[in-house]
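Colleague: I have a structure I would like to understand better, so I am pasting it below and will then ask my questions one at a time.
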Amino acid sequence: MNQVYLGAVAFGFTLLLASLLLGGKDTDSGDGGHDGHDGDDGHDSGGGGFGWAPVTSLRFWVFLLAFGGGTGFALTELGQGTAVTAVAAGVVGWLSGAIAIAAIAALRRGSVSSEVGATELVGETGRLLLPVAPGRPGKVRVDVKGRQEDFIAHAAEDGGALAEGTVVLIVAEGEQGSLLVAKGEM
């Protein structure tokens, strides 16, 4: 029986190593082409009440095989009975897989993004890199979150043409993430 448990450990660590080296993402069935994260829990959330059975998650199988196999091997070496060892290995493997998925989901929900949305910039000032006029978009550079970001800029309806290098005030979000700008004061 030790060979089965050692095989599970070897296969679990092989999956882990492959996912690390190949940059793998957790894969789920039925995700419609997403990045492998159907819901926020790391497994297919459309399974009709099978949240306790995350068997479509690669991450789940890595942990189940590695920790379940390790537990089975250790208990066999300690002289435990076959039934006790098999049940304990299954429970430890299942729990470690489910906990890993829950932990990753919690981290994903609590992660902070450094991505900047155009709506966050309303009221900020920037400097035009390309001139802007009504009907003629330009480009504005804005200092935000410790770095400089460039955005497509459109002149506000009541504003006229603005030359390159002009300090502008971002007054609203335009279409498709562009910014509406007006002459600003420095």
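The values are calculated or read from the model by the stated rules, or taken from the named source; none is laboratory data. Quick caveat: nothing in here was measured; it's all calculated off a predicted structure. Please note: Cβ atoms are built from the backbone with ideal geometry, for glycine as well, and neighbour counts cover all protein chains shown.
Colleague: Take the conditions assigned by TED's automatic domain parsing to the domain that holds G123, more than 12 Å from L121 (Cβ to Cβ), crowded, with 16+ Cβ neighbours inside 10 Å and at pLDDT below 85 and apply them to G138. Does it pass? Even if it seems obvious, please write down each step before you answer.
Modeller: Numbers: assigned by TED's automatic domain parsing to the domain that holds G123: yes; more than 12 Å from L121 (Cβ to Cβ): yes; crowded, with 16+ Cβ neighbours inside 10 Å: yes; at pLDDT below 85: no.
No.
Colleague: Which of the residues that make up the range 148-186 are charged (D, E, K, R) and either in contact (Cβ under 8 Å) with a residue 24 or more places away in the chain or not in a strand (DSSP E or B) (or both)? Before you say what the answer is, go through the steps one by one.
Modeller: Looking only at the range 148-186, we keep the residues that are charged (D, E, K, R), and these are 149-150, 157-158, 164, 173, 175, 183, 185.
E149, E157, D158, E164, E173, E175, K183, E185 - these are the residues of the range 148-186 that are charged (D, E, K, R) and either in contact (Cβ under 8 Å) with a residue 24 or more places away in the chain or not in a strand (DSSP E or B) (or both).
Colleague: Still on this structure, please answer the following. Go through the range 122-143 and report how many residues are of a type in the set (G, A, S) and in a strand (DSSP E or B). Even if it seems obvious, please write down each step before you answer.
Modeller: Taking the range 122-143 first, the residues of a type in the set (G, A, S) are 123, 126, 133, 135, 138.
Still in the list and also in a strand (DSSP E or B): 126, 133, 138.
Of the residues in that region, 3 qualify.
Colleague: Output yes when any residue across the range 43-55 is of a type in the set (D, E), in the same structural domain as I101 (by TED's automatic domain parsing) and modelled with pLDDT under 50, and no when none is.
Modeller: First pass over the range 43-55, keeping only residues of a type in the set (D, E): 44.
Right, trim to in the same structural domain as I101 (by TED's automatic domain parsing) and you get 44.
If we keep only those that are modelled with pLDDT under 50 too, we end up with 44.
For the range 43-55, residues of a type in the set (D, E), in the same structural domain as I101 (by TED's automatic domain parsing) and modelled with pLDDT under 50: present.
Colleague: Scan the range 157-182 residue by residue and report those that are touching a Lys or Arg at 6+ places or on another chain (Cβ under 9 Å) and farther than 10 Å from G138 by Cβ.
Modeller: G159, G160, G165, V167, L169 - these are the residues of the range 157-182 that are touching a Lys or Arg at 6+ places or on another chain (Cβ under 9 Å) and farther than 10 Å from G138 by Cβ.
Colleague: When you scan the range 85-100, do you find a residue that is modelled with pLDDT under 90, of a type in the set (S, T, N, Q) and either more than 16 Å from K183 (Cα to Cα) or assigned to a strand (DSSP E or B) (or both), even just one?
Modeller: no
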